Structures are given as structure tokens and as C-alpha cells.
Amino acid sequence: MATTLLPILEAEPLLSGATGSGVRLRDGHGRALTDLRVSVTDRCNYKCVYCRTGNDGAQYSELPIAAYARMLRVFVSLGIEKIRLTGGEPLLRTGLLELVRETAELRPAFTDAPLDIAITTNGHLLAGMAQPLKDAGLSRITISMDAVDPETFTRITRVPGGFERVRAGIRAAQDAGLGPVKINCVLLRGFNESQIEAFAEFSRSERVIVRFIEFMPLEEDRTWTPETVVPMSEIVARLNAVRPLVALPPNHASETARRFTFEDGVGEIGIIAPVSEPFCGHCSRIRLTSDGKLRTCLFSQTDHDLAGLMLRGASDDDMRDWIRGMVQQKEARHHIGEPGFLKPSRSMVHIGG
Ligand code: SF4
């Protein structure tokens, strides 16, 4: 897949009060980097089969909330407009509300639109947190939920008693005005492909956006094979067999999901197909791990130690210059399924999605 090389380093007028050099952050392929995913912990209260081993006692790494707040401020000054807080499970993090509150005060450098702050959570702790997160300035919420029946749900999360808590979390998020709530379902052959049709009805009955995600080789157990992937073509065929899909336009150029509704317009389905239909050409994402490493791609073989630079006394300008240099090396795309493909240096729970 050829990557289009775009002109780089076009100066853009900084908005008043914004800091930084007036040049939007772009990678070496000319792609504007506007989305930052930040893991605030790699601890989790679930043990999902496509992500973590079942073992307890794993080593965890977190930074003080103030460290993330400073790094976020620097990234926003470089042109980041969307911040997604992830984990592990971010709602386990003490100080999360303070981080959301502080981040919501930041102003994007190149647009008048407010900073878009989202969280991806497994929903287990959400019922009690939805309103405080909304009040702190959270814009949107995505809940990872891989089944709409308690047995399959527990078989995947390997933690009993979570299903009803997550349902309550969805309702609390809707009541708090964090809708439309998105539900991310990772499809794993042999575990939950049976949930496809039921999730389509769930989208309609619960007024949520259900997004199916192809299983990616990012799990700790190294169980991924091409056969474990339920490809987009199969998902579409199964849904069309029950209720014809109608394609919807993307919300923006770098949207990862293909969007659909049904003939009557009730319900919305998204399909994120990084394995069978890669979308790297418009990638606008970079990541910060819970131990403060910059990752230029989900499938990077290396990390770049931003927290270390900061803790050694770097100024905000030093960090900006350093980040600009690092993203020049951002990978053009992933190479899943190609000869020589190497699984990334970290598993999903230690990257943050
Ligand atoms: S695989 Fe890497 S380059 Fe491709 S969309 Fe994901 S983060 Fe971007």
C-alpha cells in the first residue's frame, strides 16, 4: 500500500494565547498528528482473553498525574486536538478527575473548537463516575464490551459479576450526557462471533453505537493467528442477512471505523478493520504509555522516553523539539500478515489502545 507524501511543515497561525512555534505536528509522511492516546495506568480489573494473561502479580507502571498533565499541555501546544485517556483501566486511577479537569482547561493551538477529551473504559466502575467525569469536562466515552450475554461476557473478561455493572455504567453515561455512548467489541473467533447479530439489536434497543473491532496481534498470550480474526466482510454479510445495512459517511478523514445504520435509521454500527482493511494512510494518532514513553504506532518495535527527558529537567520547548524529531520516524503503516511481520514490543495492556 503506497503512502501519499504530502507537503510538510506548513506554518499555521497560532490562535491567541497558544504557545509553540506555529507549525502543526506532522510525521515524516506529512500526516497531521491531531490525536493522542494516553494510558494513565496498565493496571486493570479485567483479564480479557484477547489482551491479558490470566495471571495476577504482573508488574505495573504509572506516573504521577501531574506528569501526564504537563506532557498533555506540551502535546496540545503542538496541535493535538483529541485526547483519549486509556489504560489498562483508567477509572482505577486516583486523580483521574483532576487530570480531566486540568486537561479541559487547555486550548487547542490551531482550532477554535474545544479540546475533545474521551475515555475508553471497561465500564465496571462507570456507574459512579459518569457524572463526575462529565462535570470535570469529559466530552465522550467508549466502553469496551465484548458480549451482550453474561456468560459469554464472563468467559471473555474472566471476572464474574461484571455484566450488569457495565450495563449500569452505560445508562449512567447516557444520563450524564456523555452520549452517544460507543461500545467497542473485539471479535475473537471461537469466543464471541455469535454476538454479532445480538449486538446489532443492542445498538438499536440501547441507543448506543456498536463498533466491532478485528482482533489484532497485541495480546500478552501471543495467541493471535489470522484464523482468529473475524474479518469485516464476514461481519457485514452476517448483519446484512438479518437486517440490511446502509453505509454512512465518515465523521472525519482519519476515522478508523466504517459506519453503517439500518434501513429505518435506528442504530449505528461501526467496523474497525485494521487487519483486513488497514487505514494507516490517514493515521493521525500517536500514543503515550503509562510509563511516559512516546509510541509513534500501535505496532512500533520501539518506544521513546519522553518522561525520562522531562524528569531530567527538559523545558517545554525542549520537549516540543524532541517530540517533533521523534514523530519524523512514525511508521508509514503496519505489516500484519506480511512475511517478516514482527509483533510489537508491547502488548495492548501496556500500550493503552
Ligand atoms: S497501525 Fe500504526 S500507522 Fe496504522 S493506523 Fe494504527 S497507529 Fe496508525
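Among the residues of the stretch 112-125, are any assigned to a helix (DSSP H, G or I) and not hydrophobic (A, V, I, L, M, F, W, C)?
no
Could you please give the count of residues in the stretch 130-153 that are free of Cβ contacts under 8 Å to residues at least 24 places away in the same chain and crowded, with 17+ Cβ neighbours inside 10 Å?
1
Evaluate the following for Ile269: is it within 30 Å of Ala66 (Cβ to Cβ) and open to solvent by less than 10 Å² (accessible area, probe 1.4 Å)?
no
Suppose the filter is part of a loop (DSSP other than H, G, I, E, B), under 28 Å from His334 (Cα atoms) and at pLDDT 95 or above; does Asp146 pass it?
Yes: the conditions hold for Asp146.
Please go through (1) in a helix (DSSP H, G or I); (2) out of contact with any Leu (no Cβ under 9 Å at 6 or more places or on another chain); (3) modelled with pLDDT of 95 or more for Asn184 and return the number of the only condition it doesn't satisfy.
All conditions are met except number (1).
When you scan the stretch 285-307, do you find a residue that is at positive phi, modelled with pLDDT under 95, within 16 Å of the ligand (Cβ to nearest atom) and not acidic (Asp, Glu), even just one?
no
Output the residues belonging to the stretch 278-317 that are among the aromatic types (Phe, Trp, Tyr) and either buried (at least 20 other Cβ atoms within 10 Å of the Cβ) or touching a helix residue (DSSP H, G or I) at 6+ places or on another chain (Cβ under 7 Å) (or both).
Within the stretch 278-317, Phe299 is the sole residue that qualifies.
Go through the stretch 243-255 residue by residue and tally those that are touching a residue at least 12 places away in the same chain (Cβ under 8 Å) and either over 20 Å from the mean Cα position of the chain (by Cα) or open to solvent by less than 30 Å² (accessible area, probe 1.4 Å) (or both).
Adding up the residues that qualify gives 7.
I'd like to verify a number: residues in the stretch 154-176 that are under 19 Å from Cys51 (Cα atoms) and either touching a residue at least 40 places away in the same chain (Cβ under 8 Å) or part of a helix (DSSP H, G or I) (or both), how many?
Of the residues in the stretch 154-176, 9 are under 19 Å from Cys51 (Cα atoms) and either touching a residue at least 40 places away in the same chain (Cβ under 8 Å) or part of a helix (DSSP H, G or I) (or both).
For the stretch 246-284, what are the residues that are within 15 Å of the ligand (Cβ to nearest atom) and among the polar types (S, T, N, Q)?
Ser254, Thr256, Ser276, Ser284
Among (1) surrounded by 14 or more Cβ atoms within 10 Å (Cβ to Cβ); (2) within 16 Å of the ligand (Cβ to nearest atom); (3) over 24 Å from Arg346 (Cβ atoms), there is one condition Asn184 misses while meeting the rest; what is its number?
Every condition holds for Asn184 apart from (3).
Among the residues of the stretch 195-242, write down those that are more than 24 Å from Phe341 (Cβ to Cβ), open to solvent by 40 Å² or more (accessible area, probe 1.4 Å) and either touching a helix residue (DSSP H, G or I) at 6+ places or on another chain (Cβ under 6 Å) or among the β-branched types (Val, Ile, Thr) (or both).
Glu197, Arg238, Val242
Looking at the stretch 318-334 only, could you name the residues that are small (Gly, Ala, Ser) and either crowded, with 20+ Cβ neighbours inside 10 Å or away from the ligand (no atom under 15 Å from the Cβ) (or both)?
Gly325, the sole residue that qualifies.
Determine which member of the set Ala127, Ala113 is under 30 Å from Val23 (Cβ atoms), open to solvent by 10 Å² or more (accessible area, probe 1.4 Å) and more than 19 Å from the chain's Cα centre (by Cα).
Ala113
Among the numbered criteria (1) over 23 Å from Ile351 (Cβ atoms); (2) open to solvent by less than 10 Å² (accessible area, probe 1.4 Å), which single criterion is violated by Ile156?
Answer for Ile156: the failing condition is (1).
Mind checking which residues of the stretch 335-349 are open to solvent by 40 Å² or more (accessible area, probe 1.4 Å) and assigned to a helix (DSSP H, G or I)?
Scanning the stretch 335-349 gives a single hit, Met348.
The values are calculated or read from the model by the stated rules, or taken from the named source; none is laboratory data. Note that the structure is predicted; figures quoted are calculated from it, not measured. Because the Cβ atoms are built from the backbone with ideal geometry, glycine has one as well, and the counts that use them run over all protein chains shown. Note: accessible area is taken over every heavy atom of the protein model, side chains too, but ligands, DNA and RNA are not part of it. Shrake-Rupley method; radii C 1.70, N 1.55, O 1.52, S 1.80 Å.
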